[in-house]
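Since the structure comes first, as structure tokens, the remarks are kept for the end.
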Amino acid sequence: MTNPIKTTEFLHGGDYNPDQWLDQPGVIKQDFKAFKQAKINTVTLGIFAWDKLEPSEGHYDFSWLDEIFDQAEAQGTKIILSTPSGARPRWLAEKYPEVLRVNEQGQRNQFGERHNHCFTSPIYREKVQAINRKLAERYGKRPSLLLWHISNEYGGACYCDLCQADFRQWIQKKYQTLDHLNHAYWNDFWSHDYTSWDQVQAPSPLGDTGVMGLNLDWRRFVTDQTIDFFESEIQPLRELTPNVPVTANFMGGNPSESHVFYDLDYQKFAKHVDIVSWDSYPNWSNGYESTAHLAMKTALMNDTMRSLKHDNYLIMESTPSQVNWHPYNRAKRPGMHEMGSLQQIAHGADSVLYFQLHQSLGASEMFHGAVVTNHRGTKTRAFKDVQQVGQDLQQLQAAHATTRLRAKVGIVFDYDNMWALDDARNYANETKQYWRTIQEHYQYFWEHDIPVEILSTTDDLSAYDLIIDPMHFMMSAAFAAKLKAYVEQGGHLVGTYITGVVDRDFLAYQGDGLADFQATYGLKVQETDTLYPQQHNALTAYHQAYQINDYCDVIETTTAETLGTYQKDFYAGTPAVTKNTLGNGSAYYLAARTDTDFLAAFYEQLAIQLELKPSLPITKATPKVAIQVRENATERYYFVINFSHQPTTVTLAQPLHAVFSDQSVQGEQALAGYGVQVYTMPK
């Protein structure tokens with residue numbers, strides 16, 4: 001555990017914008033009283049406050065922020081201080097219009113919204129560094145300063161001349177020669193050969209969108225350029241406050257798919273922050289899925305964020321009630337706030353922080369949920385829910401110095417692969433669903449309380465007993481060799497349909513494809529059959545028939561044994577599920593997409609064989625209850641959460657200490673609808 005934040009308690013609090021209330025000092029005074037009542041110990045300041053900190057160019061006013069620091073410190077409250085680059089002041093855009101983004105049609109944006117700034121602009125970088133330096137000089141030694149919150153929710157792209165020039169330099173550095181570039185993009189097709197580096201342009205509906213390598217390189221460049229801007233932004237902070245860690249709030253998990261954030265490669269970005277933080281907004285109590293199913297998807301998002309650095313992380317934003325930007329903005333049901341908040345703690349979060357502490361009186365997010373609301377202040381159900389979570393976190397303080405139980409299972413996820421597969425002019429756009437496929441493979445492990453890590457292609461695989469690598473369409477020869485070595489050394493691997501089709505340049509593998517792929521799985525893929533939504537096949541395995549949807553790889557085994565066969569179509573009777581023994585390990589290939597009933601049966605066999613299920617002193621009556629474990633060298637904490645409105649029971653096989661009631665308990669224990677209990681025992 002390498003958590004760089006110097007605190008011994010879980011953080012509880014969130015975004016506070018007193019700059020909106022400077023003309024009503026009584027409001028700010030009442031806010032701090034409310035914070036104390038809600039057991040809030042942390043406030044995040046300055047996120048969109050640039051115009052209040054620098055009302056005109058070079059003229060600064062920190063007096064109001066000084067007063068907030070003083071009030072916070074007087075109350076023992078820690079401060080996360082944000083840099084304000086997420087929304088530039090109007091004077092900056094009017095004097096230096098180059099800081100505004102240009103869209104893919106070549107039109108420069110007007111001043112407005114947020115995140116409407118060019119990451120390449122030298123002027124913008126200069127002005128951001130200047131305000132950040134002032135903040136570091138003034139507040140860097142304040143005892144309450146816990147963490148730098150860099151900008152806010154980085155995202156988006158700019159297509160201005162400056163960004164186009166940087167993109168060309170990025171391309172030239174990567175490919176070195178025009179011949180290499182033309183080959184990688186297969187530019188002989190449609191007579192697209194470059195004859196000068198100056199001809200390289202970002203993808204645009206006014207130009208090229210059909211060069212797969214160009215599209216992918218632009219996405220890679222946007223990530224790299226965003227990281228480069230981030231590094232520029234933190235330069236004065238690293239210089240002046242080297243002991244204060246930095247983070248940037250990542251995104252993901254939004255309805256309806258609970259998908260990872262699409263636009264940036266967080267596996268790259270995470271290497272540049274000291275601790276991962278993210279903004280978690282699951283739409284609890286939605287009308288199209290069970291609470292347990294959403295809890296599974298939210299658990300996966302939390303595991304994804306923890307896996308970025310394989311360490312504890314922060315929830316930088318969440319809501320105590322509802323948001324204002326979901327398709328349907330429904331408030332959480334009673335009990336759901338505690339349920340959802342402690343789920344995140346159970347998966348390795350060290351904070352429950354909110355947007356927003358005091359509801360904005362007007363503008364875009366005036367109806368977003370808050371700890372203190374405009375209409376009822378602290379006299380709300382949500383405020384009582386926040387108080388309850390604050391009390392829980394205080395009672396759980398000893399668990400702060402713990403981490404998630406070590407995972408034996410890793411699931412590979414790759415941003416390049418996601419972007420490439422989605423852009424491939426093949427299969428069916430509506431049913432590719434790479435992230436949903438990962439969710440479906442994850443579901444069995446969540447329902448059986450088996451910890452999982454989400455791995456990049458650069459991660460060490462040797463620590464895991466089972467690696468699952470679904471739909472790895474864009475696979476490098478190096479990663480195929482890595483998987484082969486993992487299996488030969490005793491690992492167990494599961495791969496699926498649509499794997500090993502193209503290389504990292506988005507060029508198809510010729511002939512039989514990747515040699516190491518074939519050797520690892522003991523098979524060759526002949527073709528992939530894409531089904532319409534109303535079409536289905538079936539496979540027979542484990543003496544049962546299972547429905548197949550969307551995709552069927554037609555395969556020929558070489559050294560693999562057949563575990564399941566297709567029932568229909570011209571490939572009836574051919575292998576659909578295989579196992580190949582290689583060295584000391586084995587590799588399974590799921591040639592078709594099935595429903596989760598087959599995945600549950602398949603992974604149950606592997607879980608028994610590989611002894612994946614943790615030994616728990618608690619048994620549950622329903623998979624809608626999750627049992628997650630945090631531990632240190634001497635203690636284990638069992639977070640038992642009911643993701644259903646129906647009460648249930650769990651059974652404790654031995655005496656455990658119930659943290660919230662502070663008593664020893666054993667045997668059958670009641671668990672309310674949306675209820676949470678935390679038990680502890682020495683190791």
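The values are calculated or read from the model by the stated rules, or taken from the named source; none is laboratory data. If you're wondering where the values come from, they're calculated on a predicted model, not measured in any experiment. Don't worry about glycine lacking a Cβ; one is built from the backbone with ideal geometry, like all the others, and counts go over all protein chains shown.
Of the set (1) farther than 20 Å from N417 by Cβ; (2) touching a residue at least 24 places away in the same chain (Cβ under 8 Å); (3) among the aromatic types (F, W, Y), all apply to F189 but (2). Which residues, counting only those in the stretch 520-547, are more than 32 Å from the chain's Cα centre (by Cα), of a type outside the set (A, V, I, L, M, F, W, C), under 22 Å from D597 (Cβ atoms) and in a strand (DSSP E or B)? Within the stretch 520-547, N537, T540, Q544 qualify. If a residue must be under 29 Å from G377 (Cβ atoms) and free of Cβ contacts under 8 Å to residues at least 60 places away in the same chain, how many such residues does the stretch 287-317 contain? Count: 1. Inspection of the stretch 397-405 finds a residue satisfying the criterion of being under 30 Å from L264 (Cβ atoms) and touching a Ser or Thr at 6+ places or on another chain (Cβ under 9 Å). Listed conditions (1) in a strand (DSSP E or B); (2) under 25 Å from the mean Cα position of the chain (by Cα) are all met by E668, apart from (2). Give the residue that is farthest from the chain's Cα centre (by Cα), with candidates limited to residues of the stretch 559-595 that are polar (S, T, N, Q) and loosely packed, with under 15 Cβ neighbours inside 10 Å. So the residue we want is T559.
Among helices (runs of 4 or more DSSP H) entirely within the stretch 259-363, having at least 3 residues that are at pLDDT 95 or above and touching a strand residue (DSSP E or B) at 6+ places or on another chain (Cβ under 6 Å) singles out 291-309, 336-346.
Right, S644: free of Cβ contacts under 8 Å to residues at least 40 places away in the same chain and outside any strand (DSSP E or B) or not? For S644, the condition - free of Cβ contacts under 8 Å to residues at least 40 places away in the same chain and outside any strand (DSSP E or B) - is not met. Within the stretch 241-250, none of the residues are under 25 Å from L314 (Cβ atoms), in contact with a Lys or Arg (Cβ under 7 Å, 6 or more places away or on another chain) and small (G, A, S). Residues in the stretch 274-286 that are touching a residue at least 40 places away in the same chain (Cβ under 8 Å) and either farther than 29 Å from Q322 by Cβ or aromatic (F, W, Y) (or both): D274, Y281, W284. In a residue-by-residue description of the stretch 104-111, the property of being in a loop (DSSP other than H, G, I, E, B), within 28 Å of the chain's Cα centre (by Cα) and either surrounded by fewer than 20 Cβ atoms within 10 Å (Cβ to Cβ) or of a type in the set (D, E) (or both) applies to at least one position. Look at W50 and say whether it is assigned by TED's automatic domain parsing to the domain that holds G155 and touching a Leu at 6+ places or on another chain (Cβ under 6 Å). Against the criterion (assigned by TED's automatic domain parsing to the domain that holds G155 and touching a Leu at 6+ places or on another chain (Cβ under 6 Å)), W50 does not qualify.
Say we look at the stretch 134-152 and pick out the residues that are part of a loop (DSSP other than H, G, I, E, B) and of a type in the set (S, T, Y); which of these is farthest from Y313 (Cα to Cα)?
From the stretch 134-152, those part of a loop (DSSP other than H, G, I, E, B) are 140-144, 150-152; that's our starting set.
Adding the requirement that they be of a type in the set (S, T, Y) leaves 144, 151.
Working: S144: 20, S151: 18 Å.
Selected residue: S144.
Every test in (1) assigned to a strand (DSSP E or B); (2) closer than 27 Å to A477 by Cβ; (3) hydrophobic (A, V, I, L, M, F, W, C); (4) under 33 Å from the mean Cα position of the chain (by Cα) is passed by F517 save one, and that test is (1). Hey, does the stretch 121-133 have a residue that's touching a Gly at 6+ places or on another chain (Cβ under 7 Å), in a loop (DSSP other than H, G, I, E, B) and assigned by TED's automatic domain parsing to the domain that holds Y60? Taking every residue of the stretch 121-133 in turn, none turns out to be touching a Gly at 6+ places or on another chain (Cβ under 7 Å), in a loop (DSSP other than H, G, I, E, B) and assigned by TED's automatic domain parsing to the domain that holds Y60.
For the stretch 512-542, a tally of residues being free of Cβ contacts under 8 Å to residues at least 24 places away in the same chain and surrounded by 20 or more Cβ atoms within 10 Å (Cβ to Cβ) returns 0.
Taking the criterion of being closer than 21 Å to R333 by Cβ and hydrophobic (A, V, I, L, M, F, W, C), the residues of the stretch 591-646 that qualify are V625, A626, F639, V640, I641, F643.
Residue by residue, here is whether (1) surrounded by 22 or more Cβ atoms within 10 Å (Cβ to Cβ); (2) in contact with a Pro (Cβ under 8 Å, 6 or more places away or on another chain); (3) closer than 20 Å to L523 by Cβ; (4) outside the structural domain of D303 (by TED's automatic domain parsing) holds:
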position	(1), (2), (3), (4)
N417	yes, no, no, yes
I450	no, yes, no, yes
D469	yes, no, yes, yes
K484	yes, no, yes, yes
L493	yes, no, yes, yes
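Give the stretch 327-358 a look and list any residue that's out of contact with any Asp or Glu (no Cβ under 7 Å at 6 or more places or on another chain), buried (at least 18 other Cβ atoms within 10 Å of the Cβ) and of a type in the set (S, T, N, Q), or say none. Those that are out of contact with any Asp or Glu (no Cβ under 7 Å at 6 or more places or on another chain), buried (at least 18 other Cβ atoms within 10 Å of the Cβ) and of a type in the set (S, T, N, Q): S341, Q343, Q344, S351.
With respect to Y551, is the statement that it is touching a residue at least 60 places away in the same chain (Cβ under 8 Å) and of a type outside the set (S, T, N, Q) true?
The answer is yes for Y551.
Please indicate, with yes or no, whether at least one residue in the stretch 248-257 is touching a strand residue (DSSP E or B) at 6+ places or on another chain (Cβ under 9 Å), outside any loop (DSSP other than H, G, I, E, B), surrounded by 21 or more Cβ atoms within 10 Å (Cβ to Cβ) and at negative phi. Yes, the stretch 248-257 has at least one match.
Determine whether I498 is at positive phi and among the β-branched types (V, I, T). So I498 fits the description; yes.
Restricting attention to the stretch 380-389, does a residue exist that is among the charged types (D, E, K, R), in contact with a Gly (Cβ under 9 Å, 6 or more places away or on another chain) and crowded, with 21+ Cβ neighbours inside 10 Å? Steps first, answer last, please.
Taking the stretch 380-389 first, the residues among the charged types (D, E, K, R) are 381, 384-385.
So of that shortlist, the ones also in contact with a Gly (Cβ under 9 Å, 6 or more places away or on another chain) come out as 385.
From the residues that got through so far, the ones that are crowded, with 21+ Cβ neighbours inside 10 Å too are 385.
There is at least one residue in the stretch 380-389 that is among the charged types (D, E, K, R), in contact with a Gly (Cβ under 9 Å, 6 or more places away or on another chain) and crowded, with 21+ Cβ neighbours inside 10 Å.
Each residue in the stretch 174-192 was checked for being charged (D, E, K, R) and exposed (fewer than 11 other Cβ atoms within 10 Å of the Cβ), and 1 pass.
If a residue counts only when it is among the basic types (K, R), which helices (runs of 4 or more DSSP H) contained entirely in the stretch 375-471 have at least 1 such residues?
On the way: elements: 381-395, 415-423, 434-447.
Output list reads 381-395, 434-447.
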